[in-house]
Each structure stands twice: as structure tokens, then as C-alpha cells.
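Working notes for the structure below.
Bear in mind these aren't lab numbers, they're just calculated from the coordinates by the rules spelled out. Since this is a predicted model, take the numbers as computed values, not measurements. So basically every Cβ, Gly included, is an ideal-geometry build from the backbone, and we count neighbours across all protein chains shown.
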Amino acid sequence: MRRLLNFLYTLITVAVIAAAGVSYYLYASFTGSGPSTDDKTLVIPKGSGVAEIAGILKTENVIDDTRIFQLGVRLLSGNKPLIAGEYVFPKGISASGAMGIMIAGKSITHRLTIPEGLTVREVLELVSSAPLLDGPLPPERPAEGTLLPETYRFLRGESRASIIARMREDMSKVLAEEWEKRDRSILVKTPEEAVALASVVEKETAQADERARIAGVFYNRLKKGMPLQSDPTVIFAVTLGTRKLNRGVTYDDLKTDSPYNTYLVKGLPPGPIANPGRDALHAVMHPQSHKELYFVADGTGGHAFAATLDEHNKNVAAWRKIQKAQQTQ
């Protein structure tokens, strides 16, 4: 009996030591440096199980052993799921570290920049052509002026419809914020009118320091009952935002019978002609106070402003000389 007990004791001791050794080996393998010698950017598809993820990591040389990875996840993940997404796995990362990245869901974010002043058609084209987005555009075409130009962050595979929804939500939020803080003396009476005028300002200039000044010109013209006479509104009257004009505005264009033609119709256009950015909205809500009624391109990317027609005609003559010189060159 004594010999049997000694044998059993020895056997148990050996088994415990062996189990401890195996456990240490497995833990060290799971937490030790992995085989990759470069950073790896990998996509873990939606619906992937632990075995499938282990296979991807093994194929890409992020981990050494799929079985150790699966066992480590089963024992040490705390039952937290591995989240699908696009990840960067740093070189030499351990299997445990790879698991941690996916549990935290630290996916790579991408950017899509929507410039100010694009029409809805142009915005939809950008979103549709973004290769890392997924799915169709929303079935309902957004109204002009309802999408906020901004740089949007997104994850690979995010739906195009969700990006458009974010643009609409952001425009509603920004418009509400700017309208609440507006100069109460401005002539526009509704947020919708503010967006319409902001879209004209946005199309007239790309220079930030001119927006409030141009807004002031348009307000001065509205006060005097003068038409806005904005070329971008004529372009929209001709194209209705469905295409680019791809040429200059002609005298025939100025005769286009449309409520958007501010050469023929006094007051604001019936709706936005593009999607204005936050700065253009702010400029319309807080216009510069002055007596100027006219502006024309000055050849530098900006504009020459004038309070009288005589002064404006001189600026126009100077601009035509610049145009003639450019055409000659």
C-alpha cells in the first residue's frame, strides 16, 4: 500500500509538473512575440468565427499556430467577441495582442472629403465612387442644400446610405446652431432662405475672407430692391444641377426663364443651388456691414468691390483687360 501511494504521489507530481509546463508553454506562445516582420493591414470579414480569424492570421504570418490562438481566445478573452473590421497588426505582435486589437474593435478609419459648393449630384457621385464604402445610394435623392460639406471618417464596408444620412444630420445640426446665433437684423426670415443665400455666396467665392463681404453685397441689393445678378444662379437655372455647364455664361443664358435666374427675378432663388459649408452659412448669418453693391473678379482669385456703378465699371474694364491678356497668352 505504501509503495502504491508513493507511486500515485509521484505520478500526480509528474502530471502537475507536466501540466504546468504545458500551460507555461501555451501561455508563452500566446503572449510572446509573433512571426511577422512587418506591419500587416488585414480585413476580418463580418461573421468570421475564431477558427476563420486564426486561419487569416496564420496565412498572413501574424501568428505561428492557429490552435494556440483559438485556445488562448477561448480561455483568456473573457467571452468578449472578436469584432470584424480592418486592422493594422504591428510587426512582431503576439497572438494575445492581436486578440486584444480585435476585442477593442480598433479598426482603421478612412476619410471622404466633400468640398463646399458641390451640388447634390456631385456629392452623390463622390460617395458612389468611394471604393471602400459598400451598398447603394439611398433610393430617395436628397434635396439641394441638405448635405453638409465636410471630411467624413468611416470604416471600410460602411454603407453609402449611412454616409449620406450623416451628411443630412450634420447639415440640420449646423444650420440649427448657426440660425440660433444669427444676427437678428438680417433679411432672411427662415433657415431655408439662409441656406439658399449661403449656397449663392459659396459659389461666388472660394476665399474665406470674402464670404461675409459678399453676403453684405447681396443684402444691400435686397434692401434696395435690386436683383442679385449672380452668375452661379444662372448656371443652375440652365443646368438645374444635373450637369456641369463646361463653358462661360452667355448673354442668352442671362435670358433663361427660370425662378433661379437672379438677373430676371428679384429676391432670393426659390431654393439652394448647391450645398454650402459652415463658413458660408455663418457669413450669411453674420454679414459684413458696408455700402458696396457690386463685385467682379480681380484676376487674383478674389474680387474687386464697389459701392457705385461708375467704380464697378472701372473694375469690370480692368478685369476684361486681364481676360484679354490671358486669352492672348
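In table form, for the structure just shown:
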| quantity | calculated |
| --- | --- |
| Mean separation of Cα contacts under 8 Å (6+ apart) over length of segment 34-182, as relative contact order % | 21 |
| D (Stokes-Einstein, µm²/s), Kirkwood Cα radius, segment 109-170, 1.567 mPa s at 4 °C | 113 |
| Nearest-ten-degree value, helix 120-129 long axis tilted from longest Cα axis of the chain | 30 |
| Dipole magnitude (debye, nearest 20) for the chain, charges at Cβ of Lys, Arg, Asp, Glu | 600 |
| Largest-first ellipsoid semi-axes for segment 41-93, taking √(5λ) over the Cα gyration tensor eigenvalues, angstrom | 16, 14, 10 |
| Check: segment 186-328 dipole with +1 on Lys, Arg Cβ and -1 on Asp, Glu Cβ, in debye | 180 |
| Using alpha-carbon coordinates, inclination of helix 160-180 to the longest axis of the chain, degrees | 50 |
| The chain, relative contact order [Cα under 8 Å, separation at least 6], % | 15 |
| Rg to Rh, two decimals, where the chain supplies the alpha carbon set and Rh follows Kirkwood | 1.29 |
| Nearest-ten-degree value, helix 66-76 long axis tilted from longest Cα axis of the chain | 90 |
| Listed residue (S129, M285, A208) projecting farthest to the positive dipole end of the chain, Cβ model | S129 |
| Selection from L57, A165, V238 lying farthest towards where the dipole of the chain points positive, charges on Cβ | L57 |
| Cut-off 9 Å between beta-carbons: net charge of the residues surrounding I108, Lys and Arg +1, Asp and Glu -1 | +1 |
| Violating pairs (Cα-Cα greater than 32 angstrom) within the set K181/K255; K203/K255; K255/K321; K189/K314; K40/K244 | K181/K255; K189/K314; K40/K244 |
